[in-house]
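K.L.:
Submitted below is the structure of interest, expressed as structure tokens.
The values are calculated or read from the model by the stated rules, or taken from the named source; none is laboratory data. Everything quoted here is computed from the prediction, not taken from an experiment. Heads up, the Cβs are rebuilt from the backbone with ideal geometry, glycines too, and the neighbour counts pull from every protein chain shown.
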Amino acid sequence: MAATVTIPKGTKDVLPSESHRWQYLEGVLRKTAGDFGFSEIRFPTFEHTELFLRGVGDTTDIVQKEMYTFEDKGGRSITLRPEGTASVVRSVVENGLYAGTLPLKVFYIAPNFRYEKPQAGRLREHHQFGVEMFGAASPEADAEILCLADTFLSRLGIGDVTAAINSIGCPVCRKDYQKALREYYGRYRDELCPTCLTRLERNPLRLLDCKEPRCSALAAAAPRTLDYLCGECRDHFEALKAGLDRLGVRYRVDTGIVRGLDYYTKTVFEFVTGGIGAQSAICAGGRYDGLCEQLGGPKLPGLGFGSGLERLLMTMEAKNVPMPDAPAPEVFLAALGPRAAERVSVLTAALRRRGIRAERDVTGRSLKAQMKYADKLGCRRTLILGDNELDAGRGDLKDMATGQTVPVGLTEDELAAALG
């Protein structure tokens, strides 16, 4: 016997028994995005590596440690997409979408790929729901994006959720903040991990994001971003808080949030919830006003967020959030004999064409085995057809939950009407 081929580490099959949960989740996400005026965008699974070097930033963990990068047969450096925002911005610029009606509002549901240690709610291939808005620089746009996130989380039934918000300023005021960080961390150079020693010179903001225990302890006492904001950034943040108050979005200020990508400016946020262990953030994002220009486009403010589907499902399960059961067939048509089997095949196809979930046996089971099969499928009703029913043109439609039967005609119209 040949050796079994197994799934790659950090990936997961979505089995038929659980796919309906994904469909339900995606349905809520699509509906919420649509209610807020966002249209779906789709983009390639892989991009030129340069996109992520320029867009995500070559000092980030994603670029330095986590990207799946390879050379294609044409000698081009290609990378499996590690995050969605850079791909959306590339598409907006390449297709001139910024020339249409603004603000441009798009959403996506797509897989991302990162080579990192697999853990609960985070896989090497994970699926993300993301929204992006372009052409709106006002704090009202920030508040609307956070309201969208708050709304879909509420619709999913995930309680005990709070938006943790911060501002990391603009390129102007961030220079003073980076200087303060270098001065502070410079006093503890000997205590920093090797990665943070590199960050100290290249991108000190990343020091606040390190998960090493000693570095994390140093970050807790580091200078706060809010103390170094320029007037414009401070006014923007205060207006955002006022907007969230008006919209009824619960939030708290958390100066430790900086996000792990270089393109963020001003607002950054995470939606966090309890009861799911260390991975408490279930949605995160912020503003990235310079990214469009950075990727060759016009000056176009942008903002958005991403939320991992695996993390959302894990959270819903941990909190015992009720989800719909998998849809069951409306009716199972059982055949007794070859003549009945032919009629059952015709009726089943006709019901399906009318949008009615109908099932039949295609393996030659006995009548008793057919009924067991119908029960395993969870069919709501059954109809047994034999020569007597065919000759009479009528049969008995049985409700599997109550055991009650009702007579029904065997034409397509009569059966469809009875199944209603």
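K.L.:
For segment 66-86: of the residues being touching a residue at least 60 places away in the same chain (Cβ under 8 Å) and among the small types (Gly, Ala, Ser), which is farthest from PRO44 (Cα to Cα)? Steps first, please.
P.N.:
Of segment 66-86, the ones touching a residue at least 60 places away in the same chain (Cβ under 8 Å) are 83-86.
From the residues that got through so far, the ones that are among the small types (Gly, Ala, Ser) too are 84, 86.
Values: GLY84: 10, ALA86: 12 Å.
Looking at the filtered set, the residue picked out is ALA86.
K.L.:
With the structure loaded, tell me whether VAL92 is touching an Asp or Glu at 6+ places or on another chain (Cβ under 6 Å), modelled with pLDDT of 95 or more and not in a loop (DSSP other than H, G, I, E, B) or whether it fails that test.
P.N.:
Numbers: touching an Asp or Glu at 6+ places or on another chain (Cβ under 6 Å): no; modelled with pLDDT of 95 or more: yes; not in a loop (DSSP other than H, G, I, E, B): yes.
Spelling it out, it is not the case that VAL92 is touching an Asp or Glu at 6+ places or on another chain (Cβ under 6 Å), modelled with pLDDT of 95 or more and not in a loop (DSSP other than H, G, I, E, B).
K.L.:
Could I ask something else about it? Any residue in segment 131-147 that is under 11 Å from ALA239 (Cβ atoms) sitting within a Cβ distance under 9 Å of a residue that is hydroxyl-bearing (Ser, Thr, Tyr) and at pLDDT 95 or above? List the pairs, counting only those 6 or more apart or interchain.
P.N.:
Going by the 9 Å Cβ cut-off, the qualifying pairs are PRO139/THR267; ASP142/THR267.
K.L.:
I'm told GLU310 meets every condition in (1) closer than 30 Å to ALA417 by Cβ; (2) touching a strand residue (DSSP E or B) at 6+ places or on another chain (Cβ under 8 Å); (3) of a type outside the set (Ser, Thr, Tyr); (4) surrounded by fewer than 20 Cβ atoms within 10 Å (Cβ to Cβ) except one. Can you identify the failing condition by its number?
P.N.:
(1)
K.L.:
Now for a separate question. Report yes if some residue within segment 371-390 is of a type in the set (Val, Ile, Thr) and either surrounded by fewer than 19 Cβ atoms within 10 Å (Cβ to Cβ) or assigned to a loop (DSSP other than H, G, I, E, B) (or both); otherwise report no. Walk me through it before giving the result.
P.N.:
Filtering segment 371-390 down to residues of a type in the set (Val, Ile, Thr) leaves 382, 384.
Now restrict to residues that are either surrounded by fewer than 19 Cβ atoms within 10 Å (Cβ to Cβ) or assigned to a loop (DSSP other than H, G, I, E, B) (or both): none.
No, segment 371-390 has no match at all.
K.L.:
Then there is this: When the residues of segment 199-226 are narrowed to those that are in a helix (DSSP H, G or I) and touching a residue at least 40 places away in the same chain (Cβ under 8 Å), which ends up nearest to the chain's Cα centre (by Cα)?
P.N.:
Restricting attention to segment 199-226, the residues satisfying the condition of being in a helix (DSSP H, G or I) are 199-202, 204-209, 213-220, 225-226.
From what is left, the residues that are touching a residue at least 40 places away in the same chain (Cβ under 8 Å) are 199, 202, 205-206, 208-209, 225-226.
Values: ARG199: 30, ARG202: 31, LEU205: 27, ARG206: 25, LEU208: 26, ASP209: 23, THR225: 29, LEU226: 30 Å.
Among those that are in a helix (DSSP H, G or I) and touching a residue at least 40 places away in the same chain (Cβ under 8 Å), it is ASP209.
K.L.:
Within segment 71-81, does at least one residue satisfy the condition of being under 18 Å from the mean Cα position of the chain (by Cα) and not in a loop (DSSP other than H, G, I, E, B)? Full working, then the answer.
P.N.:
Step one: list which residues in segment 71-81 are under 18 Å from the mean Cα position of the chain (by Cα), which gives 80-81.
Still in the list and also not in a loop (DSSP other than H, G, I, E, B): 80.
Yes: segment 71-81 contains one or more residues that are under 18 Å from the mean Cα position of the chain (by Cα) and not in a loop (DSSP other than H, G, I, E, B).
K.L.:
Mind checking which residues of segment 330-346 are of a type outside the set (Gly, Ala, Ser) and surrounded by 21 or more Cβ atoms within 10 Å (Cβ to Cβ)?
P.N.:
Applying the first criterion (of a type outside the set (Gly, Ala, Ser)) to segment 330-346 yields 330-333, 336, 338-339, 342-344, 346.
Listed by number, the residues that qualify are VAL331, PHE332, LEU333, VAL344.
K.L.:
Out of all the residues in segment 25-48, is one or more part of a loop (DSSP other than H, G, I, E, B), assigned by TED's automatic domain parsing to the domain that holds SER154, free of Cβ contacts under 8 Å to residues at least 60 places away in the same chain and among the acidic types (Asp, Glu)? It would help to see each step written out before you state the result.
P.N.:
Applying the first criterion (part of a loop (DSSP other than H, G, I, E, B)) to segment 25-48 yields 36-38, 41-45.
Next, only the ones that are assigned by TED's automatic domain parsing to the domain that holds SER154 stay: 36-38, 41-45.
Now narrow it down to the ones that are free of Cβ contacts under 8 Å to residues at least 60 places away in the same chain: 44.
This time we only want the ones that are among the acidic types (Asp, Glu), so: none.
No, because not a single residue in segment 25-48 is part of a loop (DSSP other than H, G, I, E, B), assigned by TED's automatic domain parsing to the domain that holds SER154, free of Cβ contacts under 8 Å to residues at least 60 places away in the same chain and among the acidic types (Asp, Glu).
K.L.:
Next up: Given ARG42, ARG21, ARG30, which one is modelled with pLDDT of 95 or more, under 20 Å from GLU125 (Cβ atoms), surrounded by 11 or more Cβ atoms within 10 Å (Cβ to Cβ) and among the charged types (D, E, K, R)? Please lay out each step first, then the result.
P.N.:
Values: ARG42 fails: surrounded by 11 or more Cβ atoms within 10 Å (Cβ to Cβ); ARG30 fails: under 20 Å from GLU125 (Cβ atoms).
Going through ARG42, ARG21, ARG30 in turn, just one is modelled with pLDDT of 95 or more, under 20 Å from GLU125 (Cβ atoms), surrounded by 11 or more Cβ atoms within 10 Å (Cβ to Cβ) and among the charged types (D, E, K, R): ARG21.
K.L.:
A further question follows. As an exercise: evaluate GLY355 against (1) crowded, with 17+ Cβ neighbours inside 10 Å; (2) under 29 Å from ARG21 (Cα atoms); (3) out of contact with any strand residue (DSSP E or B) (no Cβ under 8 Å at 6 or more places or on another chain) and give the number of the one condition it does not meet.
P.N.:
(1)
K.L.:
Please indicate, with yes or no, whether at least one residue in segment 313-324 is more than 23 Å from PRO16 (Cα to Cα), surrounded by 18 or more Cβ atoms within 10 Å (Cβ to Cβ) and hydroxyl-bearing (Ser, Thr, Tyr).
P.N.:
no
K.L.:
Same structure, new question: Of all residues being part of a loop (DSSP other than H, G, I, E, B) and at pLDDT 90 or above in segment 159-187, which is farthest from the chain's Cα centre (by Cα)? Just the residue, please. Talk me through it step by step, then tell me what you get.
P.N.:
Within segment 159-187, the subset part of a loop (DSSP other than H, G, I, E, B) is 159-160, 168-170, 187.
Pick out the ones that are also at pLDDT 90 or above and you get 168-170, 187.
Details: ILE168: 25, GLY169: 27, CYS170: 28, ARG187: 41 Å.
Among those residues, the one meeting the criterion is ARG187.
K.L.:
Search segment 167-196 for residues being touching a strand residue (DSSP E or B) at 6+ places or on another chain (Cβ under 7 Å) and small (Gly, Ala, Ser), and hand back the single one that is surrounded by the most Cβ atoms within 10 Å (Cβ to Cβ).
P.N.:
Among residues in segment 167-196 that are touching a strand residue (DSSP E or B) at 6+ places or on another chain (Cβ under 7 Å) and small (Gly, Ala, Ser), the one surrounded by the most Cβ atoms within 10 Å (Cβ to Cβ) is SER167.
K.L.:
Could you look through segment 49-70, keep only residues that are of a type in the set (A, V, I, L, M, F, W, C) and at pLDDT 90 or above, and pick out the one that is farthest from the chain's Cα centre (by Cα)? Lay out the reasoning, then the answer.
P.N.:
Just the residues of segment 49-70 that are of a type in the set (A, V, I, L, M, F, W, C), to begin with: 51-53, 56, 62-63, 67, 70.
Now narrow it down to the ones that are at pLDDT 90 or above: 51-52, 67, 70.
Values: LEU51: 22, PHE52: 20, MET67: 19, PHE70: 26 Å.
My answer is PHE70.
K.L.:
Conditions: (1) free of Cβ contacts under 8 Å to residues at least 60 places away in the same chain; (2) more than 26 Å from THR198 (Cα to Cα); (3) within 23 Å of the chain's Cα centre (by Cα). LEU97 meets all but one. Number of the miss?
P.N.:
It fails just one condition, (3).
K.L.:
Which condition number in (1) farther than 28 Å from PRO103 by Cα; (2) in contact with a strand residue (DSSP E or B) (Cβ under 9 Å, 6 or more places away or on another chain); (3) of a type in the set (D, E, K, R) is the one that ASP325 fails?
P.N.:
For ASP325, the exception is condition (2).
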